[in-house]
Structures are given as C-alpha cells and as structure tokens.
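Chemist: Can you keep this structure in mind? I'll have questions shortly.
Nothing in this text is a laboratory measurement; each read-out follows from the coordinates by a stated rule. All of these numbers come straight from a predicted model, not from anything done at the bench. Here Cβ is always computed from backbone atoms with ideal geometry, including for glycine, and neighbour counts include all displayed protein chains.
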Amino acid sequence: MFNIFLSLLKKKKCCEVIRFINKSFFYSTNVVDIKSIRNIGISAHIDSGKTTLTERILYYTGRINEIHEVKGKDGVGAKMDSMDLEREKGITIQSAATYTRWKDASINIIDTPGHVDFTVEVERALRVLDGAVLVLCSVGGVQSQTLTVDRQMKRYNVPAITFINKCDRAGADYNRTIEQMRIKLKRTPVLLQLPLGLEDDLKGTIDLLTRKAYYSEGSKGEILREAEIPADYLSLAEEKRLELIAILAEHDDDVGEYFVNEEDPPLPVLKNAIKVLVRAHKITPVFVGSALKNNGVQLLLDGVVDYLPCPTEVNNYALDANQNEERVPLSADDPHLPFVGLAFKLEEGRFGQLTYIRIYQGMLRKGSAIRNVTRDRKKKIKVPRLVRMHANEMEDVLEVGPGEICAIFGLECYSGDTFTSGEANLTMTSMFVPEPVLSLAVKPVKYTEMDKLGKALARFKKEDPTFRVHVDSESSETIISGMGELHLEIYIERIRREYDCEVITDKPKVAFRETISTPAQFDYLHRKQTGGSGQYGRVMGDYLPIDWSLPNQFTNATVGMNIGPDFIPAIEKGFYEACEKGALTGHPIIGTHFILRDGATHVVDSNELAFRLATKGAVRQAFLKGNPIVLEPLMKVEVQVPEEFQGNCIANLSKRKGLIVDTENSQSFCTIIAEVPLNNMFGFASELRSATQGKGEFSMEYSRLDRASGETQKQLVEEYQKNAHKQ
C-alpha cells in the first residue's frame, strides 16, 4: 500500500493521491472533526447537470471507482439515481444522501431533484443543510425552477456557491448567466474563475485568485495540471480579478484597505473575505466548468471546503414547548450536550422504515434511548441500527456526532418529527410544505388487491408530505393528490412495481353542484295504500333560488293546523335529504330556499315517513320547474412562463374556457392569472411543460362556483341518465 502511495506521489497525480488516501483510511473510520464537516445540497433546474456533477465529485474523492452517466445506457447509471425509474427516465425523483472526503474535509451531500413536481425533496434537504451548490446551465441560465430553488435557499437562510455548468455546450455564455443572477435572483455574483475557451474549445479553467490555469487531464479528468495563464487570456483575467476585488472591497474592510491603496491583497485575505461574506449571504461565488467533460469539479470542491460553513458556524434553534415555544439556540461545539435531531426524510428500506436524521446537538449512539418529542416524549425508543448512507447503500456506524447526517432503522415516525435524549422538551421548526395541485381517482384492477393498494398509499403518504390521500364522500372514490402529473405518475408506477398491484386511474368526479335559476311552486301529494295503515302527506309552498354561497334554507310559514307541528321536523329532514342528490346529474343541490306554506293530513295514514317522502317529491317537482342549472368550481390559475411562450399559454387557457384576469411581465418572465373550470384543467401540466420546453410552471386554488356551460351541462345530464338506465 505504501509503495502505491509513493508511486502516485512521484508521478504528481494529486487527485489520485487524494482518492487513494480517502479509500485507504478516511472511509474506514467513524472519527470526524466537526470543523471539517460540510453539509451541502446540490440543487438546480431540471437537466442542469446536478447528478452528473455529483457523480464526478464522488469519483474524484475516491468514493466510487467508475463514472456512470445519468441515463444508465451502460446498464448501471449514476450512483445517486438508484431507483430503476430514475435510470429509465433520466431524472432524479428522490433526494439521495451520501458522504465523502476531500482533502481534510468530510462532506455530506444530498443530491436533489430538479423537477417542480418533486420540489418537496429540495425543501426538506435545504431544511437540514448548512450550505448549497446552485448549479446553473450556461446555455439556459436562470430558469423557472432555479427561481424556486433560490427562494427555498433564502427561506432556510442557506448560504450558496454557484457552479455554471455545461460551458462545453453550443450557445454557452457564462456572462449572460451571471447577469441573470443579478437581475432575477437578486444575488451579488462574484466570478472566481474563467473558462479556458467555450463550447467545443473548452480546455480548462483559470483561477482568478491564484492567477493560475488548470487543465483536467487523464481519461476521466482525474489529473489536475497547474500551469501559467495563456498569454491571450492574461488581459481578461486581470480585468475580471480587479472586478472581483472591487466587489469584495465594498463589503470587507481588509480588502477595501488594499483596494484604496491600489495594492494587491494577499491570497489568504481574499479567501477569508469570501468565506465571511458567503456565510453572511452578501455574495455568491461563481465557479465555471463542465461536469460531463470533467472540467472544473476539483476546484469547485475546494470552494465548498473553503467558503461554505461547518455546523458550528451556523445558528440553529429549537422551540422550547415548556416556555411558550421560545427559541433556544443549539450548539454543535460540545458533543456531550443533550441530543437533538430532526427526522427529515423517510424511506422503505429492506429491513423496515429508514429514517434520515440531521443531528443538531449531542451524540447519537447505537443502542442509546431517544424520544420522539413530536409524537410521544414519554416513550423511550432504542436505536437498533445506525448507518451512514451512500445513495442506496449503507455503512454501519457505532456513533454519529453533532452536525452530521445519518439514518436509523426501526423508528416509527413521520417526516419532520424531532428526537431528543429526553432532558428537554425541544422541537425543531417544521419545513414549508406546498399544497397539492392535481388529483387522480385510483382503484385496483382486482378487488382482492385493495389491501396492497392501501398499504402502498399509506406508506407513500407517510414518506411524502405533498402526497395526499382521501376518500371522496360523494363518489366513494379513492383520490390521490400531488404536485403534478409526473408526481402522481411516478407513484402509480411504484405501486405496480413495488407492490405488484395493477391499478386503474381516472380523473376524479369534479365537485359539481345543482341549483335553480327561477322561483317555482310545489303542491305534492304522497299517498300509498297497501292494506291496513297507509301513507298520506301533502305539502304546498314556494321553492326559491338564493345566493350560491349560502346553505340551503328551510322555513315553516304554515298558518293553522292543516299540518300538525309534529310533522314539521320530518318535512325539514326530508328537504335536506332531497338536497343531497339533484335530479339533473346526481350532484348535491345548493343555494335554495324551501318555504312550506300549507298542506294536508289524514287522520289515520299520515305519519313522519309519509311527510318525509312527500317533501322529497315536492323538491324534485319544484326543482325541475325552476329551470335547474349545473354549477362548476372555477380555479384561480397562476401561470409563470418565459415571455416568448406568453401567446401560446394564453391560447391554451382560452381553449380550456379560461378567463384571463391579469398578466404581468417582469424580468423576461410573464405571469398570467386566469379563472378556469376545474373540469378543464386535467392534462394542463403536461401541455404547459411541452409548450414551454419545461420552463413553465403553474399553481391553482379554488376560486368560486359559476354556472357551467351548456355543453358541459348537457354532457353531465346525458352521462347521468345513461348510468341511471344501466342500474
């Protein structure tokens, strides 16, 4: 082993030396210095190269032996995309955690999805991380999901550095991307590197701080060769370096003093200034390269270690339930403090539920007793098995210290639960969970597989807070709701594969309603004679339309004793029962007022049942005479698309009978607000992404009820009558 080390050292293969040391020593020990820990997430818009970048990071740090591509054409696929569905579709669906080492630093990495449907994976990752790498495409620049990810980083106060990827692609322009960072993200980008060439001419990277050029050589870019900056790049490099120093001088007094005196700041002063300003969220360092072409990754790793904070440099707080949820600072400096950890992600593992935990304070040891403060703080839970995750692989450890991320088997909990050693009643603040925007009705092909479906839905609901399940009270359908069509499509496919349960999906019955548009009168006699005591009840009065937002109303306006007071409650009950199912389409009746004015009774045959049935008949009679109409829910739809797709988007909404309420153009993006019938919104997510090259996104929420179009009403009536004949 020592001879191999000397051989690599003589050949000056620095990256190979690091890989050798990591594999031989660092991954065989559990001892981690907290000052060396970096907890980072890699986030970006879909298809910006996050997983490709993570694959190179793992290779250069000695964590994996071979580089595999995202699509998995070689039958293997990228390490962090361990699900078959991820490799087939070429996208990240679930966030995946791993840990690695670079030089003297221990790095916990969470690779997150870029697709908007899986935004909760980014949300929960950023909730527990200390820093982030924001990956931008040098061709696409700042895209729609980039804005979402940026908002999430700012929501959790996560400092970030940026990697402008794909500088080898046609149309690459890092300057345009940096300008978009200023305008769209409201960040202060600080360019630390220059690409040596662009597109097909990309050869390496110029480091503006060290004034050196770096070339990635070897079959996989594992050899990083340092050289002088080429003569034709010297002028540009000095110009950009001066811009860098000028930006730092605005925020840092030490650099400012050198700048005012027209002196060149020493490298340690510059690096310290960048580190302080990044952690204060005042600047965002920018690195450049191409992960696919193995360019710039090692320098980015240096930036992660140099500029992103360790756990002791981040302020984390818990809420003290005994002190009106007063904020209590948590310390990662002393491992002997009481344990506090947050369960931020759940998975179904081979040996039961796998719970990912970020440790904010104290130590977590195998066999120790902890308590779930969120659920039942009195119950002690033994930690049966403690592991560090490497994508879908796991490595057993005996203990994990403050600031680290690990996983535990055998914990019954939910995402967002807080665990402590029991000394204090502390809970961590929860993460932001967006509301679902799309629903599907789902049922198994075979009725005997209902249990399998139930188990699958219960598990997915527990793992993913944006995945909702409920049974519709009107249709008795099982409705699943999520962030988009792809989100639900993935879960349907997982039910088929993981539970061997074939399912049928359909759009759920929209919550249509029925009402009358004109007043009507009723005079209905219910009479039934079957020998012996019969049934007799007669009701008369008015049936009026009222505001749709009001509940149905019943008024007893009778005078005299034609209907005895004992029968009035039965008549009222019959009215409300009749409103549960309208005569047009079978949907509930709303916005009506039943006024009982007169009626008749029979000495022998009148009873409560007779009057209840008479009232139901009267409602049906008056309802059909009152020009009945169908009401449908309108949704407030907010669509964000690049300006060049504005016309197509408005046309699509209009095609769906949407009413455009407002449009707003800002920073090359257009926001369109419209009211669209919910029944017409199915399939919109796929069409929007297809029409906007994946750059468009939308949200919708219930707005109000409105009269359905004649075409929709006719279709619903025909469908209801057809089903009634079948029955």
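Chemist: Viscosity 1.567 mPa s, temperature 4 °C: Stokes-Einstein D of the stretch 38-313 from its Kirkwood Cα radius, in µm² per second?
Modeler: Result for D is 69 µm²/s.
Chemist: By count of other Cβ within 10 Å, fewest leading, how are ILE672, ILE109, ILE479 ordered?
Modeler: The order, fewest Cβ neighbours first, is ILE479, ILE672, ILE109.
Chemist: Mind jotting down the three principal axis lengths of the stretch 513-626 based on Cα atoms? Whole angstrom, largest first.
Modeler: Projected onto the principal axes, the Cα atoms of the stretch 513-626 cover 43, 29, 20 Å.
Chemist: Another question about this same structure. For the pairs LYS240/LYS695; LYS220/LYS695; LYS507/LYS625; LYS528/LYS616, note any where the Cα-Cα span goes beyond 24 Å.
Modeler: LYS240/LYS695; LYS220/LYS695; LYS507/LYS625
Chemist: Based on a Kirkwood Rh over C-alpha pairs, give the Stokes-Einstein translational diffusion coefficient of the chain at 25 °C and viscosity 0.890 mPa s in µm²/s.
Modeler: D = 82 µm²/s.
Chemist: Which values of log₁₀ I(q)/I(0), to two decimal places, follow from the Debye formula for the stretch 316-428 at q = 0.09 Å⁻¹ with a uniform point scatterer at every Cα?
Modeler: These q points yield log10 I(q)/I(0) values of -0.21.
Chemist: Any number yet on Rg/Rh for the stretch 631-713, C-alpha, Kirkwood?
Modeler: Answer for the stretch 631-713: 0.98.
Chemist: By per-residue mean of other Cβ atoms within 10 Å, what is the highest-first order of 309-322, 709-722, 612-625?
Modeler: The peptides rank, most packed first, as 612-625, 309-322, 709-722.
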